[in-house]
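The values are calculated or read from the model by the stated rules, or taken from the named source; none is laboratory data. On a predicted model such as this, the values are computed, not experimentally measured, just so you know. Positions of Cβ are backbone-derived with ideal geometry, glycine not excepted, and every protein chain shown enters the neighbour counts.
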Amino acid sequence: MSYLVLARKYRPRNFTEMVGQEHVVQALTNALVQQRLHHAYLFTGTRGVGKTTVSRILAKSLNCQGADGQGGITAEPCGVCQACRDIDAGRFVDYTELDAASNRGVDEVQSLLEQAVYKPVQGRFKVFMIDEVHMLTNTAFNAMLKTLEEPPEYLKFVLATTDPQKVPVTVLSRCLQFNLRPMAPETVFEHLTQVLAAEQLSAEPLALRLLARAARGSMRDALSLTDQAIAFGNGQLQEAGVRQMLGSVDRSHVLQLIRALTDGDGATVVNQVNALRLQGVSAAATLEDMAMLLQRMAVMQMVPGMAHDGEDPDAQGLADLASAMPAEETQLLYSLCLHGRTELGLAPDEYAALTMVLLRLLAFQPQAGTAEKKSPLTSPRAPLEATAAPSAAPVTASSAAPATAASPSATVTPPGH
């Protein structure tokens, strides 16, 4: 039997299994219970947040026949009737998925709409699901407008897109729009813990947190990365292996960089960047991790005790750095890390660019007690002012009399007048 990847094996099959989208689940559940069903739905959100999954669950809810074959529209599809099993397997004749990325022309849309005149064969409703609907051409959008506005009572449209700004407003006005949010890292971490417990695989919590952050809000990406980490670690998920797989920097290096910047130690900063070069760690990943830690430091500085995480072994070190670095320098370094990522591609060497980004803080950092000594503007000016001050008084004091004495000669009239 072929291996089924985790993203497909643990795809939610009902609304209770959905994670991170409670606002969408609640709205659809209430609509199904009250049978206040709209004829067109638009699901928006980034990749891997559950747009296609919600569409399939909605199709099962509309067509579920119940375990005894006597069921009706429900918010809790049974999952065992013929309709539910066929939709999960992708062979339900009354559920059609159209990928608009590869079928974006008017001919493909018209071919789909020609099926709208026929009543359902097996189910209660026909469901047309158009994925990446923003890829359709303007002519294709115009061709489906009338049917989308007044479809037959047995037809439901489900549209999904990652870029709703490209969908014409004439289409948006005909649909109920639901925005699926990116998953929070903590939500992804909890779900990965449950999945690995079901798979009977051991994993270090810090390794799962790395995967949850690397997924960037996409549960599908998180499960795909977990599959890759399992293969990389030969069935075990350890922090060191996951860091090596992701190419992420060790947290200790980032903390040492921030500590060196706090102490104004430029030599340590350069040495740490050279160490990252030898390890092959991405400069962009270094700046990203620094920005994340600096954000937590800023919260600790402004709201003490709020950002403390007892499960994070580096929490105490961050708290010490937050108390040592001034708040304005934390904000400045955070901005430098964010904007510095755009400079990496412009520099001939990304590690040289990383060094310049970090040393920029030391260049802008005020040196307490030595600012007057080190300033190139005030140091040359001081001796000039010291010598100019005593000479100014005698000049003004002694020059007053000659000026008055010379004044008559200055007004001598020429002969003949």
Of the conditions (1) closer than 27 Å to residue 79 by Cα; (2) of a type outside the set (S, T, N, Q); (3) at pLDDT 90 or above, the single one that residue 90 does not satisfy is (3)
Unmet requirement for residue 82, which otherwise passes all of (1) free of Cβ contacts under 8 Å to residues at least 60 places away in the same chain; (2) within 26 Å of residue 177 (Cα to Cα): (2)
Tell me, yes or no, whether segment 148-160 has at least one residue that is touching a Gly at 6+ places or on another chain (Cβ under 7 Å) and within 30 Å of residue 211 (Cα to Cα). no
Qualifying residues in segment 316-369 (those that are closer than 14 Å to residue 299 by Cα and among the acidic types (Asp, Glu)) - the one surrounded by the fewest Cβ atoms within 10 Å (Cβ to Cβ): 328
Being crowded, with 22+ Cβ neighbours inside 10 Å and of a type outside the set (Phe, Trp, Tyr) is the filter here; which residues of segment 120-134 pass it? 123, 126, 127, 129, 130, 133
Condition check: more than 21 Å from the chain's Cα centre (by Cα) and either polar (S, T, N, Q) or surrounded by 23 or more Cβ atoms within 10 Å (Cβ to Cβ) (or both). Does residue 226 satisfy that? no
Residue tally, condition in a loop (DSSP other than H, G, I, E, B) and loosely packed, with under 14 Cβ neighbours inside 10 Å, over segment 82-105: 5
Take the conditions in contact with a Ser or Thr (Cβ under 8 Å, 6 or more places away or on another chain) and not hydrophobic (A, V, I, L, M, F, W, C) and apply them to residue 164. Does it pass? yes
Kindly indicate whether any position in segment 203-224 is closer than 18 Å to residue 5 by Cβ, assigned to a helix (DSSP H, G or I) and among the charged types (D, E, K, R). yes
Mind telling me which of the residues 262, 286, 268 ends up being free of Cβ contacts under 8 Å to residues at least 24 places away in the same chain and farther than 30 Å from residue 53 by Cβ? 268
